[in-house]
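What follows is one structure encoded as structure tokens, with my remarks underneath.
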């Protein structure tokens, strides 16, 4: 059973500050003296005559300002320095002058909530007095903006923050069907709940700039004129913290694997993968080497196989996907493969799979081949008895299956296949949609790929029914949304395939 934790909001930087409330004469030149006697700004706290941060954030800007009054005749030279936990971290420039002056010091630090920030002052010449009031303070401010722009995808709606990590597998003893001399390698991205509050966000395509440019160009060419322009993907980040620590207080989590459409990159399922992870799933998106426009490994990029798409080639591609997914299941609890605590997070007895188009049929085939898969969801995948692997078509599946299809699709083979589905079956249709409306392309490309439904509604409907399906069949929670039409989602109709 998964222990549900309370909702955790995405953190917002909260500044902190203290202000000097009385004057403080200085003596003992040239030694440093600590400034004492502060009043806290609203919502802030002090400790041992220092400032406590309100946010644990890398890159926090700390500013100390000291207003002081000296002689009207003789110069004073005043220097301010900052300390964190009684360790000097920065010294400001010396200010020299008469009468009232201001000396300051600024430092950027990766602060923790337990830190204490203090300020000390040294002088030479005439002994000045530190002034009270708004000119003497310590304050923290938000980190300088180094955030990369986000890709145009909706933010996850779940209660948990998300981490993302690329995991690369090598299946020793298995030849790659596309290049038989090579051992099969598998590229995946894993999403999971994290404890991280701040950090670098994972990029949409690749952490390597040159690689993501190549991947974006290849991706656009795959979809011809309707594909997403490289500019909407290159340099853009997701809503997930890169390589973030796993959250371990939720118990073991169910796993959902994702398979993309034919000749489509795994990246175009990011929105639905992040959504599930934000609700307490470990989600693994599996690339298709030599089929996706470009598949990234640490030492190589694999591009689409250029051979003519014959039934035999298509079967080879689908069997490669099936075997990849089954090997991923083999290694789910192996910390040597799924490191950073991920292997210890998964419940390998609760694994489902979803996929778009050919990836949807892949999910069904994996279910037919492997009882470890407990349920499968097909986004607009074809139903056919010929021209591709047809093991599932001939033998049926025992696991729960959802077929979530575009508007108006028909299949002469569906009735025959439906009679071989022995588990619960959900047939639903999304009005106004086209084939790619179940992917990120609904937001990244033009409507020729997604249909007349708005991107926002496509994402909302897809997310709602996807969560309901996996929540019921992997988490065991009742879902009335699966019982029939809902007024909240009028675009979704049931049992349209016959």
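At-a-glance table
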{"item": "Pair list, Cβ under 7 Å, 6 or more apart: the stretch 189-212 residue closer than 15 Å to residue 150 by Cβ, other residue modelled with pLDDT under 85 and surrounded by fewer than 21 Cβ atoms within 10 Å (Cβ to Cβ)", "result": "201/148"}
{"item": "Residue match in the stretch 463-476 (condition: surrounded by fewer than 16 Cβ atoms within 10 Å (Cβ to Cβ), under 18 Å from residue 279 (Cβ atoms) and modelled with pLDDT of 95 or more)", "result": "yes"}
{"item": "Test: residue in the stretch 409-423 that is closer than 21 Å to residue 285 by Cβ, at pLDDT below 90, in the same structural domain as residue 321 (by TED's automatic domain parsing) and in contact with a strand residue (DSSP E or B) (Cβ under 8 Å, 6 or more places away or on another chain)", "result": "no"}
{"item": "Residue that is surrounded by fewer than 23 Cβ atoms within 10 Å (Cβ to Cβ), over 27 Å from residue 207 (Cα atoms) and at pLDDT 95 or above, where the choices are 371, 343, 363", "result": "371"}
{"item": "Candidate set: the stretch 477-498, residues that are assigned to a loop (DSSP other than H, G, I, E, B) and touching a residue at least 60 places away in the same chain (Cβ under 8 Å); chosen: the one surrounded by the fewest Cβ atoms within 10 Å (Cβ to Cβ)", "result": "498"}
{"item": "Subset of the stretch 257-285 (residues that are part of a strand (DSSP E or B) and more than 16 Å from residue 440 (Cβ to Cβ))", "result": "257, 282, 284"}
{"item": "Residue match in the stretch 299-319 (condition: buried (at least 24 other Cβ atoms within 10 Å of the Cβ), out of contact with any helix residue (DSSP H, G or I) (no Cβ under 6 Å at 6 or more places or on another chain) and in a loop (DSSP other than H, G, I, E, B))", "result": "no"}
{"item": "Number of the exception - residue 272 against (1) at pLDDT below 95; (2) closer than 20 Å to residue 227 by Cβ", "result": "(1)"}
{"item": "Residue count for the stretch 342-362, restricted to those that are outside any strand (DSSP E or B), under 23 Å from the mean Cα position of the chain (by Cα) and closer than 22 Å to residue 268 by Cβ", "result": "2"}
{"item": "All positions within the stretch 198-213 that are assigned to a loop (DSSP other than H, G, I, E, B) and in contact with a helix residue (DSSP H, G or I) (Cβ under 8 Å, 6 or more places away or on another chain)", "result": "204, 205, 206"}
{"item": "Residue match in the stretch 291-298 (condition: within 16 Å of the chain's Cα centre (by Cα) and in a strand (DSSP E or B))", "result": "no"}
{"item": "The stretch 140-179 - residue that is within 16 Å of residue 58 (Cβ to Cβ) and over 18 Å from the mean Cα position of the chain (by Cα) and, of those, modelled with the highest pLDDT", "result": "140"}
{"item": "Hey, residue 216 touching a helix residue (DSSP H, G or I) at 6+ places or on another chain (Cβ under 9 Å), at pLDDT below 95, surrounded by fewer than 16 Cβ atoms within 10 Å (Cβ to Cβ) and not in a loop (DSSP other than H, G, I, E, B) or not", "result": "no"}
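The values are calculated or read from the model by the stated rules, or taken from the named source; none is laboratory data. Small disclaimer: the values here were computed from a predicted structure and weren't measured. Cβ sites come from the backbone with ideal geometry, for glycine too, and all protein chains shown count toward neighbours.
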